[in-house]
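Down below is the structure, laid out as structure tokens.
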Amino acid sequence: MDFEYSPRTRELLEQVTGFIETHVLPANRRFHELAEAGRYPLEIVEPLKTKAFEAGLWNMFIPELGDDDPGTRLTNLEYAPLAEAMGRVPWCSEVFNCSAPDTGNMEILKRFATPEQTRRWLDPLLKGEIRSVVGLTEPDVASSDLTNLGTTIARQGNEYVINGRKWFSTGAKHPNVKLAIVFGISDNRPDADPHHKHSFVLVPMDTSGVTVVRDLPIMHHHAPEGHCEVLFRDVRVPVDAILGKEGDGFLLAQARLGPGRIHHCMRTIGQCELALELMCERAMERKTYGKALADNANIQDWIAQSRMEIDQARLLMLQTAWKMDREGASAARVDVSAIKVTAARLQTQVVDRAIQVFGAAGITSDTPLSYLWTWGRALRFIDGPDEVHMRVVARNELKKAKANTGRNLMHFTSPLP
């Protein structure tokens with residue numbers, strides 16, 4: 001494994017960081033002013049999207065682009081440092097058409113959409129003309145187990161009728177949102193295989209019966225694009241709105257979640273780097289009892305611990321990206337679970353130390369730290385709670401141990417007299 005960035009990656013990283021410094025950071029204050037006033041800052045984002053597209057910094061997350069698709073074709077390993085750079089300003093991923101949930105939605109549409117679905121939905125998503133949401137989790141069941149999800153997709157003649165309630169549908173308040181990709185039960189037979197009874201359907205957001213009920217704050221933080229509860233009440237779509245085949249919902253969900261999870265981890269590492277930089281700057285400039293905070297041994301320990309943990313997480317993330325590129329997302333399933341847990345916990349740990357160094361200012365909106373902390377805490381649920389991913393890792397270890405039972409112990413036990 002060689003994780004040294006290629007010349008192409010280094011060139012793109014320099015372009016992305018330069019674009020962020022030149023165009024994104026100067027617009028950051030205005031973005032938040034508009035968001036806090038209840039307006040999605042399209043007047044900020046749309047001109048920057050045009051600049052990014054013209055600069056060739058577009059759709060960098062998806063390696064399977066066709067010859068006619070707009071974007072920069074990168075592997076997961078090549079994309080990792082670019083996503084890390086974008087993560088430092090959380091809203092700027094949209095500028096490069098690399099923001100969730102569109103990234104995951106575009107990936108499964110690229111793999112499973114019909115030509116007509118591609119024309120209607122994927123093409124405008126790839127061009128950044130529309131936004132989309134995914135309807136997975138539900139408020140009434142433990143959604144970490146997808147077999148619990150109860151939204152129904154019932155076929156009636158030439159239509160599917162959808163009934164259910166989803167929540168944390170990110171982007172449902174975005175002014176350009178046009179599509180919801182909804183997961184639900186399409187086979188209600190009592191003896192149906194629980195892993196082949198769900199499907200995805202493509203639902204235009206303006207369909208009768210689709211209602212955005214409310215925006216759910218994350219730790220009292222409101223995202224301008226929304227993390228919304230969405231009600232589907234007798235929503236009717238034609239049968240050709242099915243994505244893939246009936247009963248393939250689990251297959252599509254796993255195809256979608258693998259890359260999406262690692263993208264979150266990439267951005268998280270960038271946010272941890274930002275928190276560490278802010279922590280160091282504050283520690284050097286702030287004085288207590290006649291000396292800089294940076295002169296205190298405990299502060300130095302926090303800085304050192306953060307540096308080591310970030311570097312460890314980055315190596316695990318790069319290894320996961322490398323394996324996905326070589327063997328596919330399914331082969332890297334355990335690695336994805338490991339980095340997903342590691343990155344989310346890392347964010348709350350590093351940011352928490354930075355908040356402590358900043359003192360009371362760290363819990364205000366004067367720094368990005370409180371926002372980053374709440375998002376890190378949310379990541380321990382997003383794309384599956386820690387406990388589910390820990391179980392994946394543990395079961396894999398136990399499987400290996402079962403295959404090797406007795407092989408190690410025999411080398412350390414004394415022979416019988």
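Some notes on this structure:
- Scanning the stretch 179-201 for residues that are crowded, with 16+ Cβ neighbours inside 10 Å and farther than 28 Å from Arg380 by Cα yields Ser186, Asp187.
- Subset of the stretch 78-137 (residues that are without any contact (Cβ under 8 Å) to a residue 12 or more places away in the chain and hydroxyl-bearing (Ser, Thr, Tyr)): Ser99, Thr118
- Hits in the stretch 61-82 - residues which are within 18 Å of Leu125 (Cβ to Cβ) and crowded, with 24+ Cβ neighbours inside 10 Å: Phe61, Tyr79
- Members of the stretch 192-234 found to be of a type in the set (D, E, K, R) and farther than 19 Å from Asp145 by Cβ, listed by number: Asp206, Arg214, Asp215, Glu225, Glu229, Arg233, Asp234
- Residues located in the stretch 146-172, provided they are among the basic types (Lys, Arg) and touching a strand residue (DSSP E or B) at 6+ places or on another chain (Cβ under 7 Å): Arg165, Lys166
- Residues being touching a Leu at 6+ places or on another chain (Cβ under 8 Å), part of a helix (DSSP H, G or I) and exposed (fewer than 15 other Cβ atoms within 10 Å of the Cβ) - total across the stretch 272-305: 1
- Cβ-Cβ under 7 Å pairs, at least 6 apart or on other chains, the stretch 270-295 side farther than 30 Å from Pro81 by Cα, far side part of a helix (DSSP H, G or I) and among the aliphatic types (A, V, I, L, M): Arg286/Leu293; Ala292/Ala283; Ala292/Met284; Leu293/Ala283; Leu293/Ile299; Leu293/Val357
- A Cβ distance below 7 Å, combined with a sequence gap of six or more or placement on separate chains, defines the contacts here; from the stretch 383-402, residues that are in the same structural domain as Phe168 (by TED's automatic domain parsing) and over 21 Å from Ala344 (Cα atoms) reach no residue that is of a type in the set (A, V, I, L, M, F, W, C) and in a helix (DSSP H, G or I).
- A residue that is out of contact with any Cys (no Cβ under 9 Å at 6 or more places or on another chain) and closer than 25 Å to Ala292 by Cα can be found somewhere in the stretch 342-349.
- Note on the stretch 113-148: among residues that are more than 24 Å from Pro238 (Cα to Cα) and of a type in the set (Val, Ile, Thr), the one that is modelled with the highest pLDDT is Val141.
- Any hit, the stretch 109-126, residues being out of contact with any helix residue (DSSP H, G or I) (no Cβ under 8 Å at 6 or more places or on another chain), surrounded by fewer than 19 Cβ atoms within 10 Å (Cβ to Cβ), among the charged types (D, E, K, R) and under 23 Å from Ala332 (Cα atoms): no
- The stretch 369-387: number of residues that are out of contact with any Pro (no Cβ under 8 Å at 6 or more places or on another chain), surrounded by fewer than 22 Cβ atoms within 10 Å (Cβ to Cβ) and part of a helix (DSSP H, G or I): 6
- Segments classed as strands (runs of 3 or more DSSP E), wholly inside the stretch 149-199, with at least 1 members that are in contact with a Ser or Thr (Cβ under 9 Å, 6 or more places away or on another chain) and modelled with pLDDT under 95: 159-170
- Extreme residue, surrounded by the fewest Cβ atoms within 10 Å (Cβ to Cβ), among residues of the stretch 317-368 that are under 15 Å from Asn76 (Cβ atoms), over 19 Å from the mean Cα position of the chain (by Cα) and of a type outside the set (A, V, I, L, M): Glu327
- Cβ separations smaller than 8 Å between residues 6+ apart or across chains give the following pairs from the stretch 215-243 residues that are more than 19 Å from Tyr40 (Cβ to Cβ) to residues that are in a helix (DSSP H, G or I) and of a type in the set (Val, Ile, Thr): Met219/Thr374; His220/Thr374; Leu243/Ile108.
The values are calculated or read from the model by the stated rules, or taken from the named source; none is laboratory data. Worth saying up front: this structure is predicted, and the values here are computed from it rather than measured. A quick note on method: Cβ atoms are made from the backbone with ideal geometry, for glycine too, and the neighbour counts reach across all protein chains shown.
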